[in-house]
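Below: the structure, in structure tokens.
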Amino acid sequence: MMCSAGSAAAHPDCLFCKIVAGDIPSDQVYTDDAVVAFRDIAPQAPVHVLVVPRRHVSGIDDLRDEPELAGRLLAAAAKVARIEGVHEAGYRVAVNHGRHGAQSVGHVHLHVLGGRQLHGELG
Ligand code: AMP
């Protein structure tokens, strides 16, 4: 399935655009035409992978009219969980958005966390 989300449109100052382009190294776990998944540099669990769109999208708010890309990101997160072998024990997918959401990188990303019992608190 082709996805317009796969077309490159890098944002010059964006850390994750540079990772997608290969200008900054990353430990990639999964890629497809729309998505790149790589290990978080400061993991908060034994498995901590970030799933990002290849195309620059600032935050989840910008996905409100992009259900195909949103679905591709979520499907990729589920694939990452299988690749990492946490799909049976369970895992968490989280998206931080904006200031109150504590988003620190302005290129939308799904955190895939697992490999140990996670705590119940989200807020
Ligand atoms: P957030 O706070 O939700 O915006 O998440 C940003 C995540 O990006 C954090 O968990 C960081 O540890 C992670 N991060 C920052 N720089 C890098 C990098 N160069 N490679 C991989 N992960 C990174």
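Each value in this text was obtained by applying a stated rule to the coordinates, not by laboratory testing. Model, not experiment: these values are computed from the prediction. Glycine also receives a Cβ, built like all others from the backbone with ideal geometry; neighbour counts cover every protein chain displayed.
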Original post:
What length, rounded to one decimal in nm, is gained on full extension from A42 through to L118, with 0.36 nm per residue of separation minus their alpha-carbon distance?
Top reply: 25.7 nm
Original post:
So what's the angle, to the nearest 10 degrees on a 0 to 90 scale, between helix 67-83 and the longest Cα principal axis of the chain?
Top reply: 40
**OP:** Under 12 Å from the Cβ of A81, count the other residues' Cβ atoms, weight Lys and Arg +1, Asp and Glu -1, and hand me the total.
**Re:** +1
Original post:
Relative contact order for the stretch 47-99: what is it in percent, counting Cα pairs under 8 Å that are at least 6 residues apart?
Top reply: 42
Original post:
Based on the mean of other beta carbon atoms within 10 Å per residue, what is the order of 23-31, 49-57, 109-117, most packed first?
Top reply: 49-57, 109-117, 23-31
**OP:** Run the numbers on the chain and let me know its relative contact order in percent, using alpha-carbon pairs under 8 Å that are six or more apart.
**Re:** 28
Original post:
So what are the stretch 4-114's ellipsoid semi-axes, whole angstrom, largest first, if each one is the square root of 5 times an eigenvalue of the alpha-carbon gyration tensor?
Top reply: 20, 15, 15
**OP:** Treat every Asp and Glu Cβ in the stretch 4-114 as -1 and every Lys and Arg Cβ as +1, leave all other atoms uncharged, and give the resulting dipole magnitude about the Cα centre to the nearest 20 debye.
**Re:** 160
Original post:
To the nearest 0.05, what FRET efficiency results for R99 and D33 with a Förster distance of 25 Å applied to their C-beta separation?
Top reply: 0.20
